[in-house]
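Just so it is clear, none of the values below were taken in a lab; they were calculated from the coordinates. Just so it is clear, the model here is predicted, and its values are computed rather than measured. Backbone-built Cβ (ideal geometry, glycine too); neighbour counts: all protein chains shown.
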Amino acid sequence: MPGVELAVTGLVKRYSSHVSVGPISFEVMEGEFFSLLGPSGCGKTTTLRCIAGFEATSEGAITLNGKRLDHMPPNRRDVGLVFQNYALFPHLTVFDNVSFGLRLRRLAKREIEERVARILEVVGLPHLASRYPTQLSGGQQQRVAIARSVVLEPRLLLFDEPLSNLDFKLRLQMRSELRELQRRLGKTSIYVTHDQTEALALSDRIAVLSQGRIEQIGRPVDIYEAPETAFVADFIGNSNMMEVSVEAKTRSGTVMRAKSGLQLTGPVISEGVGSSLRVLVRPEHIRLRATREDDTPNCMTAEIVDFTYLGEDVHLRVAIAGGGELLVALKSGRATRNLECGRSIELAIDPSDVHVLRK
Amino acid sequence: MQIASRRPWWLLFAGPYGLYLVILLVIPIAQIAAFSVLTYSPTRIVARELTAGNYTRLLDPYFVQLFLRTMRLALITTVICAVLGYPVAYVLARARPSVMAVGLFLLVVPLMVSTVIRTFGWTVILGRNGLVNQTLLLLGLDPIRIMYTETAVIIGLVNVFIPFMVLPLMAAIERIPPSLEEAATNLGASWVQMFARVILPMSYPGLVSGALLVYTVSLSAFVTPVLMGGARVRVVGSQIFDEVLVSFNWPGASSLALVVIAVTLILVFLALRLTRNVARGEKPS
């Protein structure tokens, strides 16, 4: 059972008069890949900079391996940061960039050379040691930046949106490389991003932030499939979110009606009849049926209002016969081939896919 | 002809200034060059007889001393400007825009004040009964002689010419992304180590051009050395002034001026070589 490596407790960062970030608390386990996910201005970068020591905390404590970090100067923290723009030293070669920290630690020349050679091997750039950063591609610069931090073997690695400056294909490639590298090195890592797919793909756990607070912490599958708040549901993926009131409770589920008139059957819940709730249905959890099956719950007839063909997927906006609109995402295939605007289709939602939000 | 016709017609607008340069710079320098190899005549100023005497006389101990003193003063001024200017340039480059604007204004104010007034100000401070000596007397110490010494000249030159050091340095430091400083810190560098390994090498071209500017303007400085150094601290500039306007030895003054120009050009050339090597290191060839 791995122990807690980094603990952030009641972190508050105040800018001038108003509280900007916090209080934020979370724990990162040893070897864990932990993401801070949120829109710009949510406090994720501030949190990261507080851990790195570039921002002073106003309140709270940060401990790394049980030792207080927040009063330590930033150059003594044993925390490696990979910058969004890589921040490679343009006047130094790849070798000199990667050996920068090793030289500051006054290691023997032989050891420096060995460690740099080893890490360049790991990131796949052993042949580029004598190049300057401007002579490298974006992906290569990214790898040098990672190597420069990793070579010092810090206790904790921080990533500040490291893939956001890369084009789409390279981003996907670097994403899997980064994940693979982190697994191989087993380094505890905190990854800041506003890109939900990146966070979902990379993380062991994700903290979703909004307006300086943590909305939810959980595994990617929890965050996506069981969001606790409307913000998380809305921020991660597409969503159908509805205000509903509980109409009836049965042994098998809860019958709810949205303001639009749409009736849904959801899972068994503790709230009583008449209480109002907010529920979420992921567009890809709505299934297309060939024929109407009245015996199963949540069957509905709908008319396609908007139709977007995306190759792998088909996105629909449909008007439900009883009232209300839903977003539907289908895998493209034989069943979706003849869909078009104005057509009437049969849809079904499994009651377990109707997710009740806490707030 | 073909190549010429492809150039945009509006390049012609550079013409007036080109003409200005030719008339007011190239021609006078050519004339100075010509004077420098002609003979001085007490009656006609310049006699039409070729001679190398204007140059050979510069090997006199007097002139060797003169040049060494001038170059020493310029060098010390440059070093002091660099040492004092680096922190100022760094602070201004990293300051908020409003602070930077005020700082820049304060920095160039000495350039806007007439040399005579500025020097008079220094006399009030450094003179025999000036602020410095009165303070020393109050403290029970012996007054010191500053005015009309090399120290006074250096103080004056640093005061006027420090903007020439700070401005290029500032421009160079501004171009260094602050994230590089953070990266160095994150990798374990103390502030001094960060400065030495990131700011200094990356602002090096700014330092070279600043040093070049300060050195060359100090080398040819005339008013400040005369007013603050007096007759004791003669420099090449004051020698040229005297030979042109007091003894009317135009050929002699011309040879002195040409040597200063030559030294300046050599330094410019060396500085360009130095900075080009840096630039080559930064960019793909």
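Taken as entire DSSP H runs, the helices of chain B that both span 15 Å or more between Cα atoms along their own long axis and average 1.0 or more on the Kyte-Doolittle scale are B:61-93, B:97-112, B:115-126, B:150-174, B:204-219, B:250-282. Here the calculated FRET efficiency for A:S20 and B:I144, from their Cβ-Cβ distance with R0 = 60 Å, stands at 0.65, rounded to the nearest 0.05. Pairs exceeding 30 Å between alpha-carbon atoms, taken from A:K67/A:K169; A:K44/A:K249; A:K187/A:K331; A:K13/A:K109; A:K44/A:K169; A:K109/A:K169: A:K67/A:K169; A:K44/A:K249; A:K187/A:K331; A:K13/A:K109; A:K109/A:K169. Taking each DSSP H run with n ≥ 4 as -39500 (n - 2.57) and averaging over every residue of chain A yields -7000 deg cm²/dmol at 222 nm. Loop-located trypsin sites (Lys or Arg not before Pro) in the stretch B:178-256 (DSSP state other than H, G, I, E, B) with a sparse environment of at most 11 neighbouring Cβ atoms within 10 Å: B:R232.
May I ask for the longest run of chain A untouched by GluC sites (Glu not before Pro) that are loop-located per DSSP and have at most 16 neighbouring C-beta atoms (other than their own) within 10 Å? Maximal segment without exposed cleavage sites: A:31-270.
Please state the shape class of the stretch A:159-231: rounded when a/c is under 1.5, otherwise prolate if a/b exceeds b/c and oblate if not, all from the C-alpha gyration tensor. Taking the square roots of the gyration eigenvalues as a ≥ b ≥ c, the stretch A:159-231 is prolate.
Taking the charge dipole of the protein assembly as shown about its Cα centre, with +1 at Lys and Arg Cβ atoms and -1 at Asp and Glu Cβ atoms, the residue from A:V208, B:I125, A:G3 reaching farthest to the positive side is B:I125. Modelled spin-label separation between A:S344 and B:V246, with each label point placed 7 Å from Cα along the Cα-to-Cβ direction: 11.2 nm.
Per-residue ellipticity at 222 nm, computed for chain B from helices alone with -39500 (n - 2.57) per DSSP H run of at least four residues, works out to -21500 deg cm²/dmol.
Applying a DSSP loop filter and a limit of 15 other Cβ atoms within 10 Å to the trypsin sites (Lys or Arg not before Pro) in the stretch A:59-142 leaves A:R105, A:R106. When the P(r) is computed for the stretch A:240-357, the part past 19 Å accounts for 44% of the Cα-Cα pairs. If R0 is 41 Å, the Cβ-Cβ spacing of B:L272 and A:R68 corresponds to a FRET efficiency of close to 0.20. For the pair B:R94 and A:N165, what calculated FRET efficiency results from E = 1/(1 + (r/R0)^6), where r is the Cβ-Cβ distance and R0 = 25 Å, to the nearest 0.05? Calculated transfer efficiency: 0.60.
Based on alpha carbons, the Rg and Dmax found for chain A are 24.7, 77 Å.
Axis angle, to the nearest 10 degrees, between helix A:109-122 and the longest C-alpha principal axis of chain A: 20 degrees. Across the protein assembly as shown, the fraction of Cα-Cα pairs farther apart than 39 Å, rounded to a whole number, is 57%.
This ranking places A:M174, A:M241, B:M147 by how few other beta-carbon atoms lie within 10 Å of each, fewest first, which gives A:M241, A:M174, B:M147.
Packing here is the average count of other Cβ atoms within 10 Å per residue, and on that basis the peptides A:152-160, B:131-139, highest first, run A:152-160, B:131-139. Hey, quick one: spin label on A:S130, modelled 7 Å out along Cα-Cβ, who in the stretch A:66-96 has an amide N within reach, i.e. under 11 Å? Hits in the stretch A:66-96 for A:S130 at 11 Å: none. For B:V46, the residues 5 or more places off, or on other chains, whose built amide H falls under 5 Å of its own are B:S41. With θ taken as phi - 60° and the Karplus curve 6.51 cos²θ - 1.76 cosθ + 1.60 applied, the whole-hertz 3J(HN,Hα) list for the stretch B:15-20 is x, x, 5, x, 4, 4 Hz, x standing for glycine and proline.
Placing unit charges on the Cβ atoms only, positive for Lys and Arg and negative for Asp and Glu, gives the stretch B:60-282 a dipole magnitude near 100 debye about its Cα centre. Put in line by how crowded their Cβ is, counting other Cβ atoms within 10 Å and starting with the fewest, B:R69, B:R7, B:R145, A:R282 read B:R7, B:R145, B:R69, A:R282.
Spin-label pair A:A61-A:Y309: with each label point 7 Å from Cα along the Cα-Cβ axis, the two points sit 6.1 nm from one another. Based on alpha carbons, the Rg and Dmax found for chain B are 23.2, 80 Å. Summarising the strand pairing of chain A, around 75 percent of its internal DSSP beta bridges are antiparallel. Counting only other chain Cβ atoms within 10 Å of each residue's Cβ, the peptide B:174-186 averages 6. Each label was represented as a point 7 Å from its Cα along the Cα-to-Cβ direction; for B:R44 and A:E325 these points are 10.1 nm apart.
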